[in-house]
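A.B. asks: The structure that follows is given in the form of structure tokens.
The values are calculated or read from the model by the stated rules, or taken from the named source; none is laboratory data. Everything numeric here is computed off the predicted structure, so don't read it as measured data. Here the Cβ positions follow ideal geometry from the backbone for every residue, glycine too, while neighbour counts run over all protein chains shown. Surface areas here come from the heavy atoms of the whole protein model, side chains and all, with no ligands, DNA or RNA. Shrake-Rupley method; radii C 1.70, N 1.55, O 1.52, S 1.80 Å.
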Amino acid sequence: MKIVIVGCGKVGTSIARELNASDHEISVVDNNRAAVNRLSESLDVLGIEGNGATYEVLAEAGAETADLVIAATARDEVNLYTCLMARAAGVPHTIARVRSPEYTDNLYRVKDQLRLSMSINPELTEAIEISRLLRFSGALEIDSFAKGAVELIKVAIPAGSSVNGKKVSQIDTLRGRVRLCTVERGDEVYIANGETLIKTGDKVSIVAKPEIAAKFFKKSNINIGRSRDVILLGGGKVSFYLAQRLIKSGATVKIVERNEHRCKELAEALQDAIIIHGDCMDQDLLMSEGIDRADGVAALMDYDEENILISLYIKSVSKAKIITKINNEYFDAIINNLGLDCVINPKTLTGEYIARYIRAMQNSMGSNVETLYRLHEDKVEALEFRAKKSSKTLETPLSQLDLKNDLQIICISRSGKIILPQGSDVIKADDSVVVITKHKGLSDLDDILIR
């Protein structure tokens, strides 16, 4: 696809990197020459300096023949106007980054008039992701397929689990309603099969409906309980959105924020939350507010260094599920060695969400990858395909398909029904088929077969 990205900040850069990996033809636009040069020199993209909200600059970037324009500047109004101008240039699809809660809440009223294909709010996206992790507080990662009907959940196997020392074929999967998909052991990742042995400390991914997954974890003595007493450090937009979702789910929420004016705003907007005016780095304050008794903590301050340090402190005094927000991707190499529970990068999440949407667009344009997640530090991919009528995989029992090694069909969604397939099951036209594999670059369901 031919894509124009307006805005070369952290969000625009994340989007460009995610899409560049999929071989799209990309142009990037920004008023900041240094930002344009940095991105165009590090990626295979065309850089244009100028105001992307003007017709002339959009045309120079190739908008008149583009499939998609993504407006990702720091200003919501500029992004919305850019999408209007892109439509005037004949662009069939537009995506706008919209951060303001007021705009986000009302955008549905004017989405058709603006002719927006999609809007993305990085802070809301992050809040949704964190709320899912706190729902299963023992989970390391949670990804969803089949429009949220099933989830791929990664957990660490504790010493007391009943699955320790068992082969996958010996584990009670609740009558086949749970599928064990991958096993991460040290630096190695395995696509699970019946002979795969599970050991203490392994990081195992399973796929199931959320309510079935909860039963499986309980039966397997894997503590995956819901966080019901949550403390949020920092009172920014992410905390606001996250508190709304947690309160709705029945959790007790405290927010610690050092800015007094912001505390008053939060107290008015979140009347069911406890707002505490204080320094999130004050250890005495945190202990007095029960940080050692909380079962969920999210470090969501503006500075990565503060989030990292306070997360390490909380880890030393609490058994809470700890979520750490990190904006600077250059910290990745350091963070991997710190043993933090869960690290969330809102900019990266935004790029991933938009990339998933674009894959769905491509589905109607020839490709049939609807969803893709990169797992285990990019060593494994989980892909969701739409089965076309012409696919060679149709109507043949899965046990008879000549599948590639290091690949497993983990789920089939058919007319809203979720199937965790056995060898006798078959794929039918228009099924949604989820595959997990160590092979890279699969773009069609037939690619799962040995040629």
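A.B. asks: Assess whether G138 counts as being without any contact (Cβ under 8 Å) to a residue 12 or more places away in the chain and under 30 Å from D202 (Cβ atoms).
C.D. replies: Numbers: without any contact (Cβ under 8 Å) to a residue 12 or more places away in the chain: no; under 30 Å from D202 (Cβ atoms): yes.
Judged against the criteria, G138 is not a match.
A.B. asks: Any residue at all in the stretch 196-213 that's basic (K, R), within 21 Å of the chain's Cα centre (by Cα) and either modelled with pLDDT under 95 or open to solvent by less than 40 Å² (accessible area, probe 1.4 Å) (or both)?
C.D. replies: To start, the set of residues in the stretch 196-213 that are basic (K, R) comprises 199, 203, 209.
Restricting the remaining residues to those that are within 21 Å of the chain's Cα centre (by Cα) gives 203, 209.
Okay, now just the ones that are also either modelled with pLDDT under 95 or open to solvent by less than 40 Å² (accessible area, probe 1.4 Å) (or both), so 203, 209.
So far as the stretch 196-213 goes, yes, one or more of its residues are basic (K, R), within 21 Å of the chain's Cα centre (by Cα) and either modelled with pLDDT under 95 or open to solvent by less than 40 Å² (accessible area, probe 1.4 Å) (or both).
A.B. asks: Can you name the number of the only condition in (1) closer than 21 Å to I142 by Cα; (2) surrounded by fewer than 16 Cβ atoms within 10 Å (Cβ to Cβ) that Q271 fails?
C.D. replies: Single failed check for Q271: (1).
A.B. asks: Test each condition in (1) in contact with a helix residue (DSSP H, G or I) (Cβ under 6 Å, 6 or more places away or on another chain); (2) closer than 19 Å to L349 by Cα for L152 and report the one that comes out false.
C.D. replies: Going through (1) in contact with a helix residue (DSSP H, G or I) (Cβ under 6 Å, 6 or more places away or on another chain); (2) closer than 19 Å to L349 by Cα one by one, L152 breaks only (1).
A.B. asks: Moving on. Among (1) within 21 Å of T104 (Cα to Cα); (2) of a type in the set (S, T, Y); (3) open to solvent by 30 Å² or more (accessible area, probe 1.4 Å), there is one condition S239 misses while meeting the rest; what is its number?
C.D. replies: With respect to (1) within 21 Å of T104 (Cα to Cα); (2) of a type in the set (S, T, Y); (3) open to solvent by 30 Å² or more (accessible area, probe 1.4 Å), S239 is out only on (3).
A.B. asks: Another one. Just checking, how many residues over the stretch 179-190 are within 19 Å of E377 (Cα to Cα) and buried (at least 19 other Cβ atoms within 10 Å of the Cβ)? Outline the logic, then answer.
C.D. replies: Residues of the stretch 179-190 that are within 19 Å of E377 (Cα to Cα), as a first pass: 180-190.
Remaining after also requiring buried (at least 19 other Cβ atoms within 10 Å of the Cβ): 180-184.
Number of matching residues: 5.
A.B. asks: Let me ask you something else. Which condition number in (1) under 23 Å from the mean Cα position of the chain (by Cα); (2) modelled with pLDDT of 90 or more; (3) acidic (D, E) is the one that D67 fails?
C.D. replies: All conditions pass for D67, except number (1).
A.B. asks: Turning to a different aspect of this structure: Every residue in the stretch 23-52 that is open to solvent by less than 10 Å² (accessible area, probe 1.4 Å) and touching a helix residue (DSSP H, G or I) at 6+ places or on another chain (Cβ under 7 Å), please.
C.D. replies: I26, V28, V29, L39, G52
A.B. asks: Could you please find all residues in the stretch 416-429 being within 25 Å of the chain's Cα centre (by Cα) and more than 17 Å from L180 (Cβ to Cβ)?
C.D. replies: G416, K417
A.B. asks: Now for a different question. Please determine, by comparing only the residues of the stretch 435-448 that are within 21 Å of the chain's Cα centre (by Cα) and over 17 Å from H376 (Cα atoms), which one is most open to solvent (accessible area, probe 1.4 Å).
C.D. replies: S443
A.B. asks: Of all residues being closer than 25 Å to T371 by Cα and in contact (Cβ under 8 Å) with a residue 60 or more places away in the chain in the stretch 148-172, which is most open to solvent (accessible area, probe 1.4 Å)? Just the residue, please.
C.D. replies: By that ranking, first place goes to A149.
A.B. asks: Right, next: Would you tally the residues in the stretch 305-335 being touching a helix residue (DSSP H, G or I) at 6+ places or on another chain (Cβ under 8 Å), under 14 Å from N345 (Cβ atoms) and open to solvent by 10 Å² or more (accessible area, probe 1.4 Å)?
C.D. replies: Within the stretch 305-335, residues that are touching a helix residue (DSSP H, G or I) at 6+ places or on another chain (Cβ under 8 Å), under 14 Å from N345 (Cβ atoms) and open to solvent by 10 Å² or more (accessible area, probe 1.4 Å) number 7.
A.B. asks: Taking the condition at pLDDT below 80, in a loop (DSSP other than H, G, I, E, B) and either under 22 Å from the mean Cα position of the chain (by Cα) or surrounded by 14 or more Cβ atoms within 10 Å (Cβ to Cβ) (or both), does G366 pass?
C.D. replies: Working: at pLDDT below 80: yes; in a loop (DSSP other than H, G, I, E, B): yes; either under 22 Å from the mean Cα position of the chain (by Cα) or surrounded by 14 or more Cβ atoms within 10 Å (Cβ to Cβ) (or both): no.
When the stated conditions are applied, G366 does not pass them.
A.B. asks: Name every residue in the stretch 70-110 that is among the basic types (K, R) and either at pLDDT below 90 or within 18 Å of A16 (Cα to Cα) (or both), in order of residue number. Let's see the steps before the verdict.
C.D. replies: Residues of the stretch 70-110 among the basic types (K, R): 75, 87, 97, 99, 109.
Selection gives R97, R99, R109.
A.B. asks: Further question on the same structure: Quick test of your reading of the structure: S22 fulfils all but one of (1) closer than 25 Å to R374 by Cβ; (2) of a type in the set (S, T, Y); (3) within 23 Å of the chain's Cα centre (by Cα); (4) part of a helix (DSSP H, G or I). Name the failing condition by number.
C.D. replies: (4) is the only condition that S22 fails.
A.B. asks: Note down all Cβ pairs under 8 Å where the first residue falls in the stretch 380-403 and is without any contact (Cβ under 8 Å) to a residue 40 or more places away in the chain, the second is open to solvent by 60 Å² or more (accessible area, probe 1.4 Å), and they're at least six residues apart or on different chains.
C.D. replies: Final answer for the pair search is L394/K428; E395/K428; P397/S424; L398/Q422; L398/S424; S399/S424.
A.B. asks: What about S399, is it small (G, A, S), out of contact with any Pro (no Cβ under 7 Å at 6 or more places or on another chain) and open to solvent by less than 30 Å² (accessible area, probe 1.4 Å)? Please lay out each step first, then the result.
C.D. replies: Numbers: small (G, A, S): yes; out of contact with any Pro (no Cβ under 7 Å at 6 or more places or on another chain): yes; open to solvent by less than 30 Å² (accessible area, probe 1.4 Å): no.
No: the conditions fail for S399.
Let's see how each residue does on (1) at pLDDT 95 or above; (2) among the polar types (S, T, N, Q); (3) open to solvent by 80 Å² or more (accessible area, probe 1.4 Å); (4) assigned to a loop (DSSP other than H, G, I, E, B):
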residue	(1), (2), (3), (4)
E384	no, no, no, no
S391	no, yes, no, yes
N405	no, yes, yes, yes
I418	no, no, no, no
G423	no, no, no, yes
D430	no, no, yes, yes
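A.B. asks: State which residue pairs qualify: first residue touching a residue at least 12 places away in the same chain (Cβ under 8 Å) and more than 23 Å from V189 (Cβ to Cβ) and inside the stretch 202-224, second residue among the charged types (D, E, K, R) and surrounded by fewer than 17 Cβ atoms within 10 Å (Cβ to Cβ) in any location, beta carbons under 8 Å apart, and separation of 6 or more residues or different chains.
C.D. replies: The qualifying pairs are K209/R177; I212/R177; K219/D172.
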